[in-house]
1. Examine segment 235-248 for a residue that is modelled with pLDDT under 90, among the hydroxyl-bearing types (S, T, Y) and not in a helix (DSSP H, G or I), and state whether such a residue exists.
2. Within segment 128-138, can one find any residue that is surrounded by fewer than 20 Cβ atoms within 10 Å (Cβ to Cβ), at pLDDT 70 or above and farther than 30 Å from K56 by Cβ?
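The values are calculated or read from the model by the stated rules, or taken from the named source; none is laboratory data. Keep in mind that what you see is a predicted model, and the values were worked out from it rather than measured. Every residue, glycine among them, receives a Cβ derived from its backbone with ideal geometry; neighbour counts consider all protein chains shown.
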Amino acid sequence: MWVLRTTLLLAAMTGLLLAVGCALAYVAGLPFLPTLTAAFVLAMMMNLIMFFYADKWVLRMYRAKLVSEEEQPTLHRIVSRLSERAGIPKPRVAVVPLDVPNAFATGRNPKNAVVAVTRGAMELLKEEELEGVMGHELAHVKNRDMLVSTLAAIVAGAISYLALVGRMHLFWGGGNRRSGSSTLLLLLALILVPLAAVMIRLAVSRTREYGADEEGARISGKPLALAGALRRLEEYSHSERMTHGNPSTSNLFIVNPFRGSSLLELFSTHPSTEKRIQRLEALAGGE
């Protein structure tokens, strides 16, 4: 179900890209296809650079340290066992020197993946809960969620670029040849369509979290342990937010460490933790 939903969301973003491309071509009097192609290629180049170097950038940002089996035998044992069950190469393992409990995975494919857990999570979680969390992160690796996120970012970036060019053209006199009502409608479209693209991109992120919960529970065989870990991480996130790092990386973490409790779910990179727990409990009940 989550695979179908992700596909439909990406298709919707493609439709928005075509819509804003049509609007720009109409406003500027430019040929539609070359305009759309130029914007898409520019967005793709920018995001592909991030795609290939994001793992190094994220690890450096959070001062994550790659650890050996001698340094963290328990963590390596968990990752080794779960990787074998997932049918993927064992990723590199890192520890983030932060007290805020959380975890993330990064890397463009399973061969280049890194799974990282914060010092706080290792201290807070029981071993079976840590297994559930690592199963979730390995599910992201197995499902190539970094690739899906990059595709969504490419399309959203192209939409934003086209809309920006269109708004600038309208403001600099491009709408003078048209009626005031048509100019206003175009301006609203060039503002609202990028907003819709951002919301769809966030919906893609939330859908991938549901998918990683489901797949991760199967990998670890412990859906209730993952549910318990999510409950602990959520409780902690209400009392202390992460101050180190960049909120643009929030979609990487198993629980958003930057948001406040009042943030609307619609504008969040993660679904409601309570809903995730309920789904995991239902999954456990169906076994």
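1. If we filter segment 235-248 for residues that are modelled with pLDDT under 90, which is where we start, we get 235-248.
So of that shortlist, the ones also among the hydroxyl-bearing types (S, T, Y) come out as 236-237, 239, 243, 248.
The next check asks that each one be not in a helix (DSSP H, G or I); those that pass are 243.
Looking for residues that are modelled with pLDDT under 90, among the hydroxyl-bearing types (S, T, Y) and not in a helix (DSSP H, G or I), one finds at least one in segment 235-248, hence yes.
2. Applying the first criterion (surrounded by fewer than 20 Cβ atoms within 10 Å (Cβ to Cβ)) to segment 128-138 yields 128.
Checking which are at pLDDT 70 or above leaves us with 128.
Adding the requirement that they be farther than 30 Å from K56 by Cβ leaves 128.
Yes, segment 128-138 has at least one match.
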